[in-house]
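Here the structure comes first, spelled out in structure tokens, and everything after it is commentary.
The values are calculated or read from the model by the stated rules, or taken from the named source; none is laboratory data. Keep in mind it's a predicted model, so treat the numbers as computed, not measured. With ideal geometry, Cβ positions are generated from the backbone for all residues, glycine too; neighbour counts draw on all protein chains shown.
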Amino acid sequence: MSDEAKQAKAEAKAAKAKAKSLRPFYKKKRFILLAVIAVIAIIAIASGGGSNSSDSSGSSSNSGASSDTIGKGLGSSDASGDIVDIECGAPDAIGMTYPKVTVKNNSSKPSDYLITVVAESADGATRYDSTPVFITALGPDQTMTEEGIFTNELPAGAVCKVTEVQRTAA
């Protein structure tokens with residue numbers, strides 16, 4: 001192969017690489033992959049494949065939780081029975097309230113919990129605030145109490161309740 005042929009081949013290869021690098025971002029493979037992942041995530045969210053945190057019916061007690069009022073969410077469908085107690089708590093000096101949730105792991109394996117606690121009016125017509133409560137690696141038959149935080153001031157008469165419990169294997 002002559003030097004001119006090699007030179008022409010190298011120039012053609014360089015021109016192709018330059019054209020590829022100048023492509024618009026939406027024509028690149030990594031953008032298309034990200035777009036596909038985003039579409040899948042949007043479809044999963046739109047199909048309701050997750051939380052039921054907008055539930056405002058049911059018990060308005062300050063302690064305990066009824067399994068028929070709790071959105072199941074991800075994970076085990078019977079995790080609502082693991083809630084032992086809920087306490088709203090009292091506001092601190094700056095007006096924040098720290099609700100406490102006590103959970104007993106009734107499964108046979110260590111579990112992680114994501115619990116949504118809401119503060120609302122006694123009749124359930126007004127929601128004042130919500131907070132997640134996380135419990136990790138709780139062993140079988142173990143009990144643990146963990147706090148969340150309400151950043152809004154709660155009026156007198158506000159009640160706390162669990163609206164969602166998600167239990168997954170730790």
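Looking only at residues in segment 102-112 that are small (G, A, S) and over 19 Å from the mean Cα position of the chain (by Cα), which one is surrounded by the fewest Cβ atoms within 10 Å (Cβ to Cβ)?
So the residue we want is S108.
Cβ-Cβ distance below 6 Å, separation of 6 or more or different chains: which pairs start in segment 155-170 with a residue that is assigned to a strand (DSSP E or B) and end on one that is of a type in the set (D, E, K, R)?
Pairs found: T163/D55; T168/D112; A169/K109.
Take the conditions surrounded by 15 or more Cβ atoms within 10 Å (Cβ to Cβ) and either assigned by TED's automatic domain parsing to the domain that holds S80 or touching a Ser or Thr at 6+ places or on another chain (Cβ under 7 Å) (or both) and apply them to G148. Does it pass? Walk me through it before giving the result.
Working: surrounded by 15 or more Cβ atoms within 10 Å (Cβ to Cβ): yes; either assigned by TED's automatic domain parsing to the domain that holds S80 or touching a Ser or Thr at 6+ places or on another chain (Cβ under 7 Å) (or both): yes.
For G148, the condition - surrounded by 15 or more Cβ atoms within 10 Å (Cβ to Cβ) and either assigned by TED's automatic domain parsing to the domain that holds S80 or touching a Ser or Thr at 6+ places or on another chain (Cβ under 7 Å) (or both) - is met.
Filter segment 1-23 down to residues that are polar (S, T, N, Q) and part of a helix (DSSP H, G or I) and give me whichever is modelled with the highest pLDDT.
The initial filter retains those residues of segment 1-23 that are polar (S, T, N, Q), namely 2, 7, 21.
So of that shortlist, the ones also part of a helix (DSSP H, G or I) come out as 7, 21.
Details: Q7: 89, S21: 79.
The selected residue is Q7.
Can you find, within segment 89-112, the residue that is farthest from A156 (Cα to Cα) among those that are assigned to a strand (DSSP E or B) and touching an Asp or Glu at 6+ places or on another chain (Cβ under 7 Å)? Steps first, answer last, please.
Pass one, segment 89-112, residues assigned to a strand (DSSP E or B): 97, 100-104, 111-112.
Checking the rest, the ones that are also touching an Asp or Glu at 6+ places or on another chain (Cβ under 7 Å) come to 100-104.
Details: K100: 18, V101: 20, T102: 23, V103: 26, K104: 30 Å.
Among them, the one singled out is K104.
Looking only at segment 41-66, count how many residues are over 21 Å from A122 (Cβ atoms) and either exposed (fewer than 10 other Cβ atoms within 10 Å of the Cβ) or modelled with pLDDT under 65 (or both).
So in segment 41-66, the residues over 21 Å from A122 (Cβ atoms) come out as 41-52.
From what's left, either exposed (fewer than 10 other Cβ atoms within 10 Å of the Cβ) or modelled with pLDDT under 65 (or both): 46-52.
The number of residues fulfilling the criteria is 7.
Suppose we keep only residues that are charged (D, E, K, R) and surrounded by fewer than 17 Cβ atoms within 10 Å (Cβ to Cβ) within segment 121-145. Which one would you say is nearest to I94 (Cα to Cα)?
Once the filter is applied, the top-ranked residue is R127.
What is the one condition in (1) exposed (fewer than 15 other Cβ atoms within 10 Å of the Cβ); (2) outside any loop (DSSP other than H, G, I, E, B); (3) not hydroxyl-bearing (S, T, Y) that I115 does not satisfy?
Result: I115 passes all but (1).
If G139 satisfies every condition in (1) in contact with a strand residue (DSSP E or B) (Cβ under 7 Å, 6 or more places away or on another chain); (2) more than 18 Å from I86 (Cα to Cα) but one, which is the exception?
(1)
From (1) at pLDDT 85 or above; (2) at negative phi; (3) not β-branched (V, I, T), pick out the condition that doesn't hold for Y26.
(1)
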